[in-house]
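A quick write-up on the structure given underneath.
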Amino acid sequence: MKPIKFNQANKNLLKPNSMTDEECSSLWVYTDGNQCISCWKMNWKQRIKALFFGKVWLSVMSGCTQPPVWIDCCKTVFDEE
């Protein structure tokens, strides 16, 4: 999956200086001060795998613990205006 910029994005989280471009890239997010929301796009192969296997795996590079997270698969998580 690739992170994509979306209309509501209001902050660009830059990759850590200690990581290479192959390891990490910047991430556009929407933030309201309580949460950061990012948008990820699947390629066709990933879409087919999601259809057949019905699973998405999440890895958070945080060490010993994991902050609360959520994942959804929908057109948008924002109220349509």
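What follows is calculated from the coordinates using simple rules that are stated; it is not laboratory data. Predicted model, so just to flag it, every value in this text is computed and none were measured. Glycine also receives a Cβ, built like all others from the backbone with ideal geometry; neighbour counts cover every protein chain displayed.
Selection of region 1-54 for residues being among the aliphatic types (A, V, I, L, M) and either more than 14 Å from the chain's Cα centre (by Cα) or over 15 Å from Cys73 (Cα atoms) (or both) yields Ala9, Leu13, Leu14, Met19, Leu27, Val29, Ile48, Ala50, Leu51.
Residues of region 8-46 that are among the aliphatic types (A, V, I, L, M), surrounded by 12 or more Cβ atoms within 10 Å (Cβ to Cβ) and without any contact (Cβ under 8 Å) to a residue 40 or more places away in the chain: Ala9, Leu13, Leu27, Val29. Just the residues that are hydroxyl-bearing (Ser, Thr, Tyr) and touching a strand residue (DSSP E or B) at 6+ places or on another chain (Cβ under 8 Å), please, taken from region 12-38. The answer is Ser25, Ser26, Tyr30, Thr31, Ser38. Tell me, which residue of region 47-81 that is within 16 Å of Met1 (Cβ to Cβ) and among the basic types (Lys, Arg) is surrounded by the most Cβ atoms within 10 Å (Cβ to Cβ)? That would be Lys49. Checked against the criterion of being of a type in the set (S, T, N, Q) and under 11 Å from the mean Cα position of the chain (by Cα), region 55-74 contains one or more residues that satisfy it.
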